[in-house]
Every structure is written in C-alpha cells, then in structure tokens.
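Trainee: If you scroll down you'll find the structure; I have some questions about it.
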Amino acid sequence: MPLISHRSTLQRVVLDTSLFVNPDVRTSLGNTPTEALETFLSMAAQIHVLEFYMPPSIFAELLHFVEREKIPGDLLVILHQKPPKKHELKCPAILLYELIEDMRERVNKGLRVAENAVRSAEKKKTDEIIQDLRRKYREALREGIIDSREDVDLLLLAMELDALLITADQGLITWAEKFGIQWLFPEKFKDYLTGAIKRTELLSAMPKK
C-alpha cells in the first residue's frame, strides 16, 4: 500500500523524439541523439519524484536515431513504454470540428501555393520552382498541426496520464493547449531535470516519520 500511495504522488512526464533528435533543442543534453539520451538516462536515474513515459511508436522512432549498443540496459526501467488507451479515452467533439476547419484552410493555402508556382513558371527554372513549391507547400500543410499517428499517441498518452508533455513540435504544442495538457519547452528540460534531482535529494534528506 505505501508503494501505491508513493506512485500516486509522482509527476508523470511524456517525452517526444524531438527532445533527443532535433539539433536545435538537444544541445543542452548532447551533440548527438545517443549522447542526449545517455545524459537524460543518467539524470533520470537520480530522480525519484518523476516518472517518464514514451509511447511505443515514439520509442521505435527514437531507436532509428541512436546507437543501440551504447544505450544502457536500464532504459526500460527508467523510460516506461506505454500506449494510450485509444478505445477508452474521450475527446471533446469541438476539437474534431476545429481539426476539420484547420485542414480545409490548409488545403486552400496549398492550392494557392501551387497556383503561384504555375504562374512563376515563365520566370524561374524548373528546379527552382519545384524547390520553392515544396518548401511553401510543406509550410502551408504541415507546420503547426498534428500529422501522424505518433503525434496522436503522444497527445492521448499525456491526456490519459495527466502528464507534462516535452516536445519541440509546434503542432503538438498547439493541440496540447487545446486539450488542456501541460507542456514544457525542450530547451528547459535539462533545468527541469536538475530541479527534480535537487528535490529528490531534499526529500531523501528529510527525516522519515
């Protein structure tokens, strides 16, 4: 019974792959995805006030970027792999309407991007047109939106666990706010871990009742 009571007080944290693979945000943890993951595991092993989770789909994605032989075996103990309860969770219907409206606007933007590319055909070289079209089309349709099963897994798991979501994906951040999910900038993640280590040490030093 004490163990259950203790676990119920832990802050749960759901991690996204971008925390370790995005070079713009992982620098505080390491120069490579493997170094960043090793640093996280080393710090997380010292923390007893947080629980770390990652959907299996995200974990599988992460393994494509790291050198598996360098990852310690205690990874599975520290980083819990848990899929969201997809058939049990409820989603507010208004968010479905918002997603449809957002997609409608993005499709229209994509059409305008394509139209502008056609109009510029006489002024630019083909390769230049294609490169510009791809960039603008990607911005119009993919930036700031959830566009994969892995994104949905992260959102649903964070909602199910009432967890803090750590991600650099602006689409996930936007939808986390719609769902009322707490989130943290990855750039602050190491500071967050350092604070959790200090809290663990403080609680450990307190006299037991």
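Trainee: Report yes if Ala36 is at pLDDT 90 or above, touching a strand residue (DSSP E or B) at 6+ places or on another chain (Cβ under 7 Å) and surrounded by 18 or more Cβ atoms within 10 Å (Cβ to Cβ), otherwise no.
Mentor: no
Trainee: With the requirement that a residue be of a type in the set (D, E, K, R) and buried (at least 20 other Cβ atoms within 10 Å of the Cβ), what does the range 19-33 give you?
Mentor: Within the range 19-33, Arg26 is the sole residue that qualifies.
Trainee: Ile47 passes all but one of (1) surrounded by 13 or more Cβ atoms within 10 Å (Cβ to Cβ); (2) among the aliphatic types (A, V, I, L, M); (3) more than 22 Å from Glu187 (Cα to Cα); which number fails?
Mentor: (3) is the only condition that Ile47 fails.
Trainee: Would you confirm, using the coordinates I've provided, whether Lys136 is at pLDDT below 85, over 22 Å from Arg26 (Cα atoms) and buried (at least 17 other Cβ atoms within 10 Å of the Cβ)?
Mentor: The answer is yes for Lys136.
Trainee: Return yes or no: is Leu172 in contact (Cβ under 8 Å) with a residue 24 or more places away in the chain, of a type in the set (A, V, I, L, M) and buried (at least 18 other Cβ atoms within 10 Å of the Cβ)?
Mentor: yes
Trainee: Given the condition exposed (fewer than 14 other Cβ atoms within 10 Å of the Cβ), more than 22 Å from Thr9 (Cβ to Cβ), at pLDDT below 90 and among the acidic types (Asp, Glu), answer yes or no: does some residue in the range 141-156 qualify?
Mentor: yes
Trainee: Just checking, which of Glu101, Glu67 is farther than 22 Å from Thr194 by Cβ and touching a residue at least 12 places away in the same chain (Cβ under 8 Å)?
Mentor: Exactly one residue qualifies, and that residue is Glu67.
The values are calculated or read from the model by the stated rules, or taken from the named source; none is laboratory data. Only a predicted model underlies this, so the values are computations on that prediction, with no experimental measurement involved. Neighbour counts run over all protein chains shown; Cβ positions are idealised from the backbone, glycine included.
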